[in-house]
């Protein structure tokens, strides 16, 4: 069954989320293991320039602190959008994505 795509949890018209460069690619915050399509349909994507995506040590694919910060922040935003709190929120997120980052 195809999911309806929800709007991104992050602004999409401001360029790169980090440096505001207008040249961006879409980064799926929860990749792999079947989570990429869920990230896409749940709005768990963010616009990043190539530098902050995967072309430097500061890119999300190489900077594990940035990667984990985005995963936690996105989970908080998702839970808030869904109107959930506490363990109920974490459990709902875990049920959908298979893991909780909070």
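The values are calculated or read from the model by the stated rules, or taken from the named source; none is laboratory data. Keep in mind that this is a model prediction, so the values were computed, not measured. Positions of Cβ are generated from backbone atoms using ideal geometry, with glycine treated the same way; all protein chains shown enter the neighbour counts.
Couple of notes before you dig in:
- Hey, residue 15 surrounded by fewer than 15 Cβ atoms within 10 Å (Cβ to Cβ), on the phi > 0 side of the Ramachandran plot and either outside any loop (DSSP other than H, G, I, E, B) or over 15 Å from the mean Cα position of the chain (by Cα) (or both) or not: no
- Top-ranked residue in region 23-41 [being surrounded by fewer than 18 Cβ atoms within 10 Å (Cβ to Cβ) and in contact with a helix residue (DSSP H, G or I) (Cβ under 8 Å, 6 or more places away or on another chain); ranked as nearest to residue 94 (Cα to Cα)]: 38
- Residue within region 29-36 that is at pLDDT below 90 and touching a strand residue (DSSP E or B) at 6+ places or on another chain (Cβ under 7 Å) present: yes
- Residues satisfying the stated conditions in region 42-66, i.e. assigned to a helix (DSSP H, G or I), surrounded by 15 or more Cβ atoms within 10 Å (Cβ to Cβ) and out of contact with any strand residue (DSSP E or B) (no Cβ under 6 Å at 6 or more places or on another chain): 42, 51, 52, 66
- Filter result (surrounded by 18 or more Cβ atoms within 10 Å (Cβ to Cβ), part of a helix (DSSP H, G or I) and without any contact (Cβ under 8 Å) to a residue 60 or more places away in the chain) within region 68-102: 70, 71, 75, 79, 89, 93
- Of the numbered criteria (1) touching a helix residue (DSSP H, G or I) at 6+ places or on another chain (Cβ under 8 Å); (2) at pLDDT 95 or above, the one residue 45 fails is (2).
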